[in-house]
There are 2 protein chains.
Amino acid sequence: MNSLIEQLKTIAGAPNVLVDGDLTAYEQDWRKRSRGKALAVVRPASTTEVAAIVKACAAAGASIVPQGGNTGLVVGSTPDESGSQVVLSLQRTNAVRSIDAHNLTMTLEAGCILQAAQEAAEREGLLFPLSLAAEGSCTIGGNLSTNAGGTQVVRYGNARELCLGVEVVTAQGEIWNGLSGLRKDNTGYDLRDLFIGSEGTLGVITAATMKLYPLPVASLTAWAAVPTMQDAVELLALAHRHLGAGLTGFEVMGQFPLQLVARHFPQQRVPLYEQSPYCVLLENSDSESEDHARAQFERLLELAMDKGLVSDAVVAENIAQARQLWHIRESIPMAQVEEGLNIKHDISVPVSAIPKFCEVTDALLAREIPNVRLVNFGHLGDGNLHYNVQAPPGVDPAAFLREYEHRVTTLVYDSVRNFGGSISAEHGVGSLKLDKLEDHKSPVALGMMRAIKRALDPQNLMNPGRVLNP
Amino acid sequence: MNSLIEQLKTIAGAPNVLVDGDLTAYEQDWRKRSRGKALAVVRPASTTEVAAIVKACAAAGASIVPQGGNTGLVVGSTPDESGSQVVLSLQRTNAVRSIDAHNLTMTLEAGCILQAAQEAAEREGLLFPLSLAAEGSCTIGGNLSTNAGGTQVVRYGNARELCLGVEVVTAQGEIWNGLSGLRKDNTGYDLRDLFIGSEGTLGVITAATMKLYPLPVASLTAWAAVPTMQDAVELLALAHRHLGAGLTGFEVMGQFPLQLVARHFPQQRVPLYEQSPYCVLLENSDSESEDHARAQFERLLELAMDKGLVSDAVVAENIAQARQLWHIRESIPMAQVEEGLNIKHDISVPVSAIPKFCEVTDALLAREIPNVRLVNFGHLGDGNLHYNVQAPPGVDPAAFLREYEHRVTTLVYDSVRNFGGSISAEHGVGSLKLDKLEDHKSPVALGMMRAIKRALDPQNLMNPGRVLNP
């Protein structure tokens, strides 16, 4: 393996092959669920270097763990404990290669930070709508490998829907230039979407051409108290109908997660939650004017109040207020941390099934764990809930996790299955959900996935042990 | 093979296994480019029957040609001349299985006619936006197998973007229930999008869950004369900016194709074309009101006229006028038929490259063929042109085709390559473009496609000889 390290140094330059010192940032996942040991961390500067590295690793039989910002939530981008895997960090390949305003596209290298991509688009008066909590440190390559979701999916779709073409280094170290600014191209199998969401197990995405949109002229945020989850779903339907594609965000938050924010971040003023089981955050983006957006929003909320779907609501008066409202939503995960360890789920069911799913699963959990506290919030517009479970008051969180994590997760996932849902809506599989996937995915689908993995990566060198067992 | 036919009769019922009589409708493609001979045409009524048929064919080593409405343009759904292939017609599996209004989804069987799907959605006050010329006879299964495009792609994407999940019978005759009303599901490889656009070469799509949208409150159509293709592209950018997602259609038509419509269908009144090299058809769909849509449209057209992008324009006053304008656009292919045989291309390049592509390719063609006549029209919003070539005046069309088809197509496709485009934007590959694909697709991509084909259909039984050679 020393010979491989020497080859990697020749390819990427010695300073870009890390073997000593503190490699925690590369070897440990963001949530600190797992710590591995890499043979080396290599940081190439170009696609050609990536290809040469993959070829060298393949020849040496060393497996490769591609890594972007290492902000994933399912332990998918850190090495195992063998000390034999090469971490391939794409952080140095981070250029915005081009922006084509008339084609509404942008070509980015894999290591480009999401926020840098957003800002590059904005400088051209354009919108790159992918937006999620880790945007300050996650990368486009990671976003695509995990088909990232976030808060704008209700209008713009996941990372997959925003991508027109990819450049990939295959498991054999060949470069496929599938970069394309084409919105229509029916010349064979959809390799692009196969690599997107494959979590680095089929090859390495080194660049991508992404869709852009005109910047909205105005973007308004509203906060509404809704009596029930069913009311929230009906409010969503009403918003789709009245705002059309102007509806760019629709988040739901239960009363308890909002209590947690109010308790742990008292400087934040959380509106309307004390009298309401749920609150909803809506965003309306408009290509016309702020006045128009506001009039539309107010009409929608009045209608919703007439129908009894909304008990009270506020529309942010300015951008600062809008940011405060979004900040409350984004503070829920940190408020959970302050409250103590909890059991996390990232699930989806059809939007129409959300109220019944919550009713049934809430009841099952309450029966299983007296005084259980549900941190239920998420992207209702996409049917995606972060349906998390916090220990009852006064119970030690670590002990709670030890005793209940497996039982609770099994209960929640079984309920998800009963409602035709997914046990990983936007976070992916990684190694954390590998075993669960075997239980929850159709054997026919798993069989096809394995056949594809063997076909494209017969040596099983690309991020082995992620997504599926061989 | 008699034993196979008997098995098929047992599975689907004798009346649904056609071996005698006039099978032209199943054995000949829509454009009459090719006529084959089937061992049998089998018309199953359910997914279970499809699975049993595929298993029986696989056991007998008989290859299968899946077929929907048989309206494809690249000879992808008819049997070869061997008399040994089984045509699997999905026309009888045509139910709308369910519509979920709150989830904005609809689950359809493969044989459901596109127009029937549109109408089923509309009855629930919802929009199924896939729309194309053959919608009265093409099927959802065919639309997905070929990733159909059409006139609403600028807003809603191709068939792929409209699909959330598929049910598939694999090449081994197993049923994969990948139907899903989920907008987020990151549990493994994207098998859905692999089957979509694979033209029946990997398995048979038997049902799909498709996205729906609220019906727009108003939909207005405008017709604008634009001096140059560059102006048309700039008008598109302006329309994106001012109409946002309201822009649901943007078609460009050259002066000559409009002349053909005016000449062969004199009852149609073609506006504004006599003074203008190009005309553009725009559609603005609004979730608010017709007045609002009209005001927005007029503001856009005034702005465009101020900038000199548009020399004159009309907005349809009512639905009848709007239909007349769309009817002109849709009559171009028939007007071409009336004028005589021609050489057809379905190409795409980045929208920003369209003007230069046309300038360069027009000039190359004019040099190659004195007095050549270009029938240039298409979905400019998607960078997709039907860049067709008609014989010079007075030249016999059949003789022209014989002499020029290969040269002209080579010239056009080489130009498409130079501009980073695709030689099949929305029609697919079938057998018609099989050889061209070998020349124009990256060998790395072709290698991965072949590996996937071998992995999922190792016997090469599914629509062999389409999309790619083994």
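Okay, here's what the table says:
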item: Nearest-20 debye value, region A:218-333 charge dipole, Cβ charges on Lys, Arg, Asp, Glu; result: 340 debye
item: Under 17 Å from A:Lys453, Cα to Cα: lysines that are on another chain or at least 8 residues apart; result: A:Lys441, B:Lys453
item: Dipole magnitude (debye, nearest 20) for region B:96-214, charges at Cβ of Lys, Arg, Asp, Glu; result: 240 debye
item: Spatially proximal aspartates and glutamates relative to A:Lys9 (Cα-Cα < 14 Å; intrachain offsets below 8 disregarded); result: A:Asp20, A:Glu49
item: Using a Förster distance of 25 Å, the FRET efficiency for A:Ala399-A:Ala363 (Cβ separation, nearest 0.05); result: 0.55
item: Sorted by Cβ density within 10 Å, fewest first, the residues A:Ser289, B:Ser77, A:Ser431, A:Ser34; result: A:Ser289, A:Ser34, A:Ser431, B:Ser77
item: Cα gyration tensor shape of region A:56-95, rounded if a/c is under 1.5, else prolate or oblate by comparing a/b with b/c; result: oblate
item: Range of Cα positions in region B:96-214 per principal axis (Å), largest first; result: 38, 29, 26
item: Dipole of the protein assembly as shown, positive end: most advanced residue of A:Leu258, B:Asn460, A:Ile175 [Cβ charges, Cα centre]; result: B:Asn460
item: Rounded Å value of the spacing that divides the Cα centres of region A:397-444 and region B:355-424; result: 55 Å
item: Helix-only CD estimate at 222 nm, as mean residue ellipticity for chain A, using -39500 (n - 2.57) per DSSP H run (n ≥ 4); result: -11500 deg cm²/dmol
item: By average C-beta atoms within 10 angstrom, highest first, the peptides A:115-126, A:374-385; result: A:374-385, A:115-126
item: Peptide B:236-245, shielding by other chains (average Cβ, 10 Å cutoff); result: 5
item: Under 22 Å from the Cα of A:Lys356 - lysines, other chains or at least 8 residues apart; result: A:Lys307, A:Lys344, B:Lys184, B:Lys211
item: Label zone at A:His327, where the point sits 7 Å out along the Cα-to-Cβ direction: region A:258-293 residues whose backbone N lies under 14 Å; result: A:262, A:265-271
item: At least 18 Å along the helix axis (C-alpha) and Kyte average at least -1.0, DSSP helices within chain A; result: A:47-60, A:229-243, A:290-306, A:319-339, A:354-368, A:397-418, A:443-456
item: Other copies of B:Arg33: label-to-label distances in nm, shortest first, labels 7 Å along the beta-carbon direction; result: 5.0
item: Cleavage-rule hits (GluC sites (Glu not before Pro)) in region B:215-292: DSSP loop, at most 15 neighbouring Cβ within 10 angstrom; result: B:Glu274
item: Sites B:Lys9 and B:Arg123 - FRET efficiency at Förster radius 35 Å, r taken between beta-carbons, to 0.05; result: 0.40
item: Shielding score for A:189-201, defined as the mean number of other chain Cβ atoms within 10 Å; result: 6
item: Cα gyration tensor category, rounded, prolate or oblate, for region B:218-333 with a/c compared to 1.5; result: oblate
item: About the Cα centre, charge dipole magnitude for the protein assembly as shown (Lys/Arg +1, Asp/Glu -1 at Cβ), debye; result: 1900 debye
item: Shielding score for B:446-455, defined as the mean number of other chain Cβ atoms within 10 Å; result: 6
item: Chain lengthening between B:Gln115 and B:Glu274 when straightened (0.36 nm per residue, less Cα-Cα); result: 53.8 nm
item: Label point 7 Å beyond Cα along the C-beta direction, distances from B:Pro266 to other copies (nm, shortest first); result: 8.8
item: Farthest toward positive dipole pole in chain B [+1 Lys/Arg, -1 Asp/Glu at C-beta], among B:Leu238, B:Gln336, B:Val429; result: B:Val429
item: At 7 Å out from Cα toward Cβ: B:Val314 inter-copy label distances (nm, ascending); result: 5.3
item: In region B:1-73, trypsin sites (Lys or Arg not before Pro) in a DSSP loop with at most 12 other beta-carbon atoms within 10 Å; result: B:Lys32
item: Cα-based shape type of region A:26-100, given that a ≥ b ≥ c are square roots of the gyration tensor eigenvalues and the cut on a/c is 1.5; result: oblate
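No lab work stands behind these numbers, since they all come straight from the coordinates. If you're wondering where the values come from, they're calculated on a predicted model, not measured in any experiment. Here Cβ is always computed from backbone atoms with ideal geometry, including for glycine, and neighbour counts include all displayed protein chains.
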